[in-house]
Amino acid sequence: MIRRWLSTGGRGGVVWGVAVIELGLAWLLALAATASLTGTLARHPLGAIGLHAQGGRLLGELVALHAHAWEPMAGLLGVVIVAHAGAWMLLGGMFPVLGATTGVRWHRAAAESLRRAPTLLGLAAIAGLGYALAGFAGYAAAGWAGREAAHRLDVRAITALGGTGWLLGGALAWAIGLWHDVARAHAMSRGRSAMQASGSAALQMAREPLATVAAGAGFGLVTWAYVGAAAALAGLLDARSSRPGVVAALLVAQHLVVLGRVHTRMKWFVWLGGRVTAARARAE
Amino acid sequence: MSLARAVGAALVLLPMGALAQPAPRVADYTFTATLDPARHTVRADGTIRWTNPSTVAVSELWLHQYLNGFAGPRTYFMRTASGDAWPAHPPHWGRLAVESLRTADGADLLATATHDPAVPDDTSQLHVALPEPVPPGASITLAVRFTATLPEAVARTGYHGTFHMVAQWFPKVAVLERDGTWSHFPFHAQSEFYADFGRYDVRIRYPRGYVVGATGPRVEGPAPVDGLMEERHVIEGVHDFAFAAWNHFRRADRTIGRVNVHVLHAPGDERSAARSLDVMAGALPAFERRFGEYPYRVLTIVLPPPGAEATAGMEYPTLITTGAQWWLPRRVRDVEYVTLHEFGHQYFYGMVASNEHRYPFLDEGFCEYATARVMEDLFGRGGPIVDLPLLGPRLDSWSWEALGSAGIAHPLPLDLGADEYPSWGRYGEHVYSRTAIVLRTLERRVGTRVFTATLRAYVDRARYTHPTPETFYAVVRERLGAPWEAFVRTAFETSWRYNLAVSEAVSARVPGGRWQGRAVIDREGPFALPVNVVFTDVRGRRRAVRIANDRPVTVVPYEGDAALRSVSVDPEDTIPLELRRLDNARMAHEHTAPVLPLVGRVAYWVALALGSVGP
């Protein structure tokens, strides 16, 4: 069972490669972001454990002492995330190609993705529009909930209403993300244009909502389960501990979460590839 | 019968509202007040009996009408409200209209009454000329009729829907000091209140279906009167009266010791109510242990409903308002902290009734110290406010105060008046945080037991009086000695920055195989308090050296059979008023391995962020 889950049908190298690149980039950014902090902590006998010492006082002082660094760091992080998103917009066909086909080398899949960049950008634009609509729907729902809450007395009901906008907007955004994945799979494995792939994706989600939507939710849950497991482990081992064994265990667990996330995405696109191939066979 | 039982029985036999230790009765108020929730008004009539507590005869009275602070955009309150304190203005204004004010023989005092000409566009004070002087110790009784129109919830008072927090709703006599000078002042946005002790006997009438929580115990009612419900509250030894009324209040009660604690809360807020009661179950005995008896038989805690948050976090005698999000985990002790703070005001404001306008640090700062002290009593070392292991760092009450004080960029003295601080933010960081951390420093230096006894002596001396800083200084001088009096005077009366830092830690091998080196300790600021300097060598052995810390720079020599690893100054944290603790310790040589977990964890979160826009 576990072996079956771990297997990606020969696509493990890509999973490892992407995870290592993401982690490498993250480490570079983390080193840059914490440079001023680590300089201060390196002079302090407690080192990073000082962050947990003295009831948050040292952490508070660090935050205040390096207040000037937070804005440029947040800016740098924002730029890198935007660049990362841009790169994966162009490479957005890579995982669908790899998922739908066995034996394709990653660089060929990447080249195919770049070749189909206009289609992928078109899909990204449609998805962007969808996200904007989800945001607007969330905003409108929040406004309605706020007006509704003004007439309510029960604080729990008011809190629940306050979450309505987030819930609706979040659910819609998740559905848009799911649709975007399915549309990319259709575009890359069936050679469809952005508009055709959009329609095919919507049709597939409508035709087999339980299968596609449930699978999307399932794979998404697995991703979050990894994050939750790492958090639980941190709680279990006491994340504030300075014991080398605890530090090492948590670092390993957190890196496995990133690897697991990339792996799950690949599994999802392999599953989608199978569905799209079946759909193509039916159509032909 | 044991002594404890005898005392207990005597307490039980005391009439409701009376005190074991009598408080002066300078200003007694007897009102019948009718709440009209539709118009958001309280119409009241009754009497004010005022006794001249000074040594001179007076022929005038000053009354505070603080609800008029919300009478329009140009009032003194609104003019002094900085953007970060209260909203620009309430959606609906409020006011206090005194319709009749007469002496017992019918002389109309309103005809010649004036507002303070020194404060234009403001009617929060009323100057009344008396037909004849009131000699020292003599009394005058005034018959008064007035209507309080509540603003929409703002600055601790007002209404939201059918919820009404009725505070500053009646004309209240200002304090006549012993030398015959009036301590009267307009309602300032950064200031709270100052009034004399007395007896309050208030009948509150309100529509059926409403639930009322008020200052003092309910001695009659609720019973129907003229188509309304009426209940009567009587209490002595207090200097204000407030009440809350709402037709949707839920109620939770618990008897803690001899005190009946009531929580009035919105539907669905049962969790916050239970947490308030739970924390009071520990806090009441803890406060009594440290600061003396809580003499009243009742405490009402109001959790204002959503929309009325502006009325939350306020103290009135035997009635406090608190509040927090019901869904916060138990280890985020927001409701506990606010509840403790507002209850602490029953001591530092309530019984120890300093002038909150002139010396705000004597109530807010001392209360903040008491809050953190009891947080530590109840929740363990440091008094953690936030303690969520999964999120990593925790935030302790003492650290919260220390960071607030350390954040002061341009220090001011702590004994300034509330209206002398340029903004609400600067008021808060000085009056609350810095005062608390000064007191904490004194506690750390002289020991918790000795300091608790000192503070208790101050509370006992100042109970039911209007103490000034000199009252506290005198107690410190008597209990702790002149040097500590000098310390608190410097800490409260001057502006200061204080920091200790290890600016150098070195060692080198000398002939014979031993190691010699030094630590350089820099001191910025006025306090020459001896501290320990601790050398730790590379084998982990520690050696402490006591230094006088009486110079800006102290060089402490090191000698040992191993190289120096690190140096710490005051590792016991006996001077928490320092600006920074980070520079109190220093490695002889920088180390890199201990920072790896930090970088790794940041990398993890960055990787998750990147993954969210990844393949």
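Every number in this text was worked out from the coordinates using simple rules, so none of it is lab data. Computed from a predicted model, the values in this text were never measured in an experiment. Heads up, the Cβs are rebuilt from the backbone with ideal geometry, glycines too, and the neighbour counts pull from every protein chain shown.
What FRET efficiency, computed as 1/(1 + (r/R0)^6) with R0 = 25 Å and r the Cβ-Cβ distance, is obtained for residue B:129 and residue B:32, rounded to the nearest 0.05?
Details: r = 27 Å, r/R0 = 1.08.
In this case the efficiency is close to 0.40.
Could you tell me what fraction of 2.2 N^0.38 Å the Cα radius of gyration of chain B comes to, as a two-decimal ratio? Don't skip to the end; give the middle numbers.
On the way: Rg = 27.6 Å, N = 615, 2.2 N^0.38 = 25.2 Å.
Cα-based Rg divided by the globular estimate yields 1.09.
Relative contact order for segment B:363-493 using alpha-carbon pairs under 8 Å, separation at least 6, rounded to a whole percent?
Computed over segment B:363-493, the figure is 23 percent.
Output ³J(HN,Hα) for segment B:569-581: one whole-Hz value per residue in order, computed from phi by the Karplus curve 6.51 cos²θ - 1.76 cosθ + 1.60 with θ = phi - 60°, and x for Gly and Pro.
3J(HN,Hα) across segment B:569-581, in whole Hz: 10, 6, x, 7, 6, 8, 10, x, 6, 4, 5, 9, 9.
Could you tell me what fraction of 2.2 N^0.38 Å the Cα radius of gyration of segment B:363-493 comes to, as a two-decimal ratio?
On the way: Rg = 15.3 Å, N = 131, 2.2 N^0.38 = 14.0 Å.
Scaled against compact globular proteins, the figure is 1.09.
Can you list the residues, at least 5 places off or on another chain, whose amide H is less than 5 Å from the amide H of residue B:229, using H built in the peptide plane?
Under 5 Å from the amide H of residue B:229: B:206, B:208.
Please compute the net charge surrounding residue B:584, taking Lys and Arg as +1 and Asp and Glu as -1 over other residues with Cβ under 11 Å from its Cβ. Walk me through the numbers before you get to the answer.
Values: positive: A:57, B:580, B:581, B:586; negative: A:61, B:522, B:570, B:572, B:573, B:578, B:583.
Cβ neighbours under 11 Å give a net charge of -3.
Where does the Debye-calculated log10 I(q)/I(0) of segment B:26-196 sit at q = 0.11, 0.15 Å⁻¹, using only Cα point scatterers of equal weight, no solvent?
Taking Cα atoms of segment B:26-196 as identical point scatterers yields -0.46, -0.83.
Using the Karplus equation 6.51 cos²θ - 1.76 cosθ + 1.60 (θ = phi - 60°), what ³J(HN,Hα) coupling, rounded to whole Hz, does each residue of segment B:208-216 give in order, writing x for Gly and Pro?
4, x, 8, 10, 10, x, 9, 4, x
Counting Lys and Arg as +1 and Asp and Glu as -1, what is the net charge of the other residues whose Cβ lies under 12 Å from the Cβ of residue B:388? Each step should come with its number before you reach the end.
Details: positive: A:240, B:330, B:331, B:333, B:394; negative: B:387.
Here the charged neighbours net out to +4.
Work through the residues other than residue A:141 whose Cβ is under 15 Å from its Cβ and net out their charges, Lys, Arg +1 and Asp, Glu -1. All intermediate terms of the calculation are to be shown ahead of the outcome.
Numbers: positive: A:147; negative: A:148.
So the environment of residue A:141 carries a net charge of 0.
When all alpha-carbon pairs of segment B:499-596 are counted, what percent fall beyond 19 Å?
On the way: 1872 of 4753 pairs.
For segment B:499-596, the share of Cα pairs beyond 19 Å comes to 39 percent.
Tell me the Kirkwood hydrodynamic radius of segment B:216-326 in angstroms, computed as one over the mean inverse distance between distinct C-alpha pairs. Spell out each step's value before the answer.
On the way: mean 1/r = 0.0670 Å⁻¹.
Value: 14.9 Å, from the Cα pair sum.
Amide H neighbours of residue B:125 under 5 Å, at least 5 residues apart or on other chains, H built in the peptide plane: list them.
Close amide H contacts, sequence-distant or interchain: B:65, B:116.
Evaluate peptide A:247-255: per residue, the Cβ atoms of other protein chains within 10 Å of its Cβ; return the mean as an integer. Walk me through the numbers on the way to the answer.
Working: counts 6, 3, 0, 4, 7, 1, 1, 7, 4.
The per-residue average across the peptide is 4.
Please state the equivalent ellipsoid semi-axes for chain A: what are the square roots of 5 times the Cα gyration tensor eigenvalues, largest first, in whole Å? Mind showing how you got there, number by number?
Values: eigenvalues 278, 153, 74 Å².
Working through the eigenvalues yields semi-axes of 37, 28, 19 Å.
Based on Cα coordinates alone, diagonalise the gyration tensor for the protein assembly as shown, multiply each eigenvalue by 5, take square roots, and list the semi-axes in whole Å, largest first.
Values: eigenvalues 708, 324, 102 Å².
Taking √(5λ) for each Cα gyration eigenvalue gives 60, 40, 23 Å.
Amide H neighbours of residue B:566 under 5 Å, at least 5 residues apart or on other chains, H built in the peptide plane: list them.
Hits under the 5 Å cutoff: B:536, B:588.
Just check segment A:31-136 against the gyration tensor rule for me: Cα atoms, a ≥ b ≥ c as the square roots of the eigenvalues, rounded for a/c under 1.5, and otherwise prolate or oblate depending on whether a/b exceeds b/c. Could you put the intermediate results ahead of the total?
Numbers: a/c = 3.55, a/b = 2.27, b/c = 1.56.
Note, shape of segment A:31-136 comes out prolate.
Could you go through segment A:256-263 in sequence order and give the Karplus-derived ³J(HN,Hα) for each residue, using 6.51 cos²θ - 1.76 cosθ + 1.60 with θ = phi - 60°, rounded to whole Hz, and x for Gly and Pro?
Going residue by residue, I get 5, 4, 5, 4, x, 5, 5, 4 Hz, with x marking Gly and Pro.
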